[in-house]
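Below is one structure; the comments refer to it alone.
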Amino acid sequence: MKEPIYVAKPFLPPKNEYNHWLDKIWETGILTNQGPLHQLFESSLSAQTFNGLATTLTVNGHLALEIAVKALGLSGEIITTPFTFVSTTHSLTLNNITPIFCDINEKDLNLDADKIESLITDKTTGIMPVHVYGHPCDVEKIEAIAKKHDLKVIYDAAHAFGMTIDGKSIAGFGDVSMFSFHATKLFHTIEGGAAVCQDKSLKPVLDAHKNFGIEDEETVNTIGGNAKMNEFQAAMGLSILPYLDDIIEKRRKIALRYRENLDEIDGVSYFTPELDSDKNIKYNYAYFPVIIDTAVYGKTRDEVYDKLKAHNVYSRKYFYPLISDLGCYNRRYNSKETPIAKKTASRILCLPIYESLTIEQVDYICGALKTIRKGR
Ligand SMILES: *Cc1c(COP(=O)(O)O)cnc(C)c1O
């Protein structure tokens with residue numbers, strides 16, 4: 001392939017459809033501060049993708065996590081996973097909370113719910129699981145543990161947008177779910193995010209935290225930062241929302257083609273979360289992670305990553321290194337205490353997936369994986 005194939009490529013709506021919303025901005029002259037497009041996008045998103053749950057748009061996903069932590073008044077220790085993007089743990093550390101790392105399941109690479117309880121101390125105030133790659137966490141078990149120990153649950157659902165479990169939005173679990181609308185995500189607003197909560201009375205608290213604590217012109221009872229989504233971001237969201245089903249369907253076809261191809265390549269395994277569950281999962285095909293089994297494939301994950309580059313294919317080592325091995329955390333943590341996460345981080349590779357990736361490109365990437373395997 002002459003053109004490099006990157007792991008992700010942002011979806012861009014037809015320009016005239018974005019222009020339609022830009023015209024509205026020029027008409028009103030309102031650029032931010034929860035203007036008309038922000039309001040319309042917030043309500044449309046909630047109605048179409050979150051079962052009408054209370055939704056607060058934010059300038060990015062990370063700050064949605066931070067305002068959720070603040071709005072729920074969390075402190076002390078929070079149990080989370082080391083197999084995630086740094087934003088998850090930074091949202092805690094930046095709020096003077098100590099992340100406590102729980103190991104993951106080999107099956108779906110999410111927090112192992114059976115290992116949570118042994119990590120609870122008198123300092124624990126909550127759990128922050130991540131629906132990694134859109135693989136749904138064991139939401140029922142986590143809810144039962146949270147209830148039993150009176151803990152709050154914030155889901156990092158950055159990867160899980162558009163998903164449902166038995167017809168219910170994935171945002172309907174835990175106290176708050178955070179979604180990221182970064183350009184590299186399945187659905188985006190250039191940068192952006194949302195915090196979705198089950199308890200309606202939490203929304204004004206989240207809203208206050210994203211806008212300096214301002215309730216009205218003369219009332220400020222909360223010390224809040226600034227995390228507002230602007231009108232241009234909302235315009236992008238409104239332009240892309242009508243394409244959501246189409247985007248997921250195209251990704252589904254790509255994922256199925258990968259699976260077909262990979263069935264012929266020993267030592268490269270993939271995940272099928274929508275087939276493995278006893279529930280009816282509407283999966284979003286946000287990522288295509290594979291596990292490289294060196295003993296069978298004959299090459300290490302790092303070798304595969306490098307050799308794919310020589311074929312002009314840019315995969316990503318998501319999530320490597322583990323959070324507990326990063327320079328800013330490794331003095332406080334020992335990643336050997338989460339052995340499954342540690343082992344997974346050295347074997348995982350995310351292959352390119354985005355709606356405009358063609359079936360020919362998928363076949364090319366898998367052909368490269370076959371060639372690389374033969375060269376052992
Ligand atoms: C992308 C991402 C975030 C952060 O979202 P931004 O919108 O980039 O701030 C947090 N957690 C996970 C797991 C992510 O993938």
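The values are calculated or read from the model by the stated rules, or taken from the named source; none is laboratory data. Being a predicted model, the structure only gives us computed values, none of them experimental. So basically every Cβ, Gly included, is an ideal-geometry build from the backbone, and we count neighbours across all protein chains shown. Surface accessibility is based on the protein's heavy atoms, side chains included, excluding ligands, DNA and RNA. Shrake-Rupley method; radii C 1.70, N 1.55, O 1.52, S 1.80 Å.
Summary of computed values
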read-out	value
Hits in the range 46-61 - residues which are buried (at least 24 other Cβ atoms within 10 Å of the Cβ) and assigned to a helix (DSSP H, G or I)	Gly61
Subset of the range 83-107 that is open to solvent by 20 Å² or more (accessible area, probe 1.4 Å) and within 16 Å of the ligand (Cβ to nearest atom) - its residue that is nearest to Ile145 (Cα to Cα)	Phe101
Every pair of residues 6+ apart whose Cβ atoms lie under 6 Å, when the first sits in the range 45-64 and is near the ligand (Cβ under 9 Å from one of its atoms) while the second is open to solvent by 40 Å² or more (accessible area, probe 1.4 Å)	Asn60/Glu191
Test result for Asn261, of a type outside the set (Val, Ile, Thr), open to solvent by less than 10 Å² (accessible area, probe 1.4 Å) and in contact (Cβ under 8 Å) with a residue 12 or more places away in the chain	no
Output for the range 162-171, where each listed residue is crowded, with 22+ Cβ neighbours inside 10 Å and part of a strand (DSSP E or B)	Ser169
Any chance Glu215 is free of Cβ contacts under 8 Å to residues at least 12 places away in the same chain, open to solvent by 10 Å² or more (accessible area, probe 1.4 Å) and within 21 Å of the chain's Cα centre (by Cα)	no
Of residues in the range 148-161 being more than 23 Å from Ile120 (Cβ to Cβ) and open to solvent by 10 Å² or more (accessible area, probe 1.4 Å), the one nearest to the ligand (Cβ to nearest atom)	Ala158
Matching option when the condition is surrounded by 22 or more Cβ atoms within 10 Å (Cβ to Cβ), more than 16 Å from the ligand (Cβ to nearest atom) and either in a loop (DSSP other than H, G, I, E, B) or over 20 Å from the mean Cα position of the chain (by Cα) (or both), among Leu12, Leu37, Leu31	Leu37
Top-ranked residue in the range 174-201 [being assigned to a loop (DSSP other than H, G, I, E, B) and small (Gly, Ala, Ser); ranked as nearest to Ser43 (Cα to Cα)]	Gly192
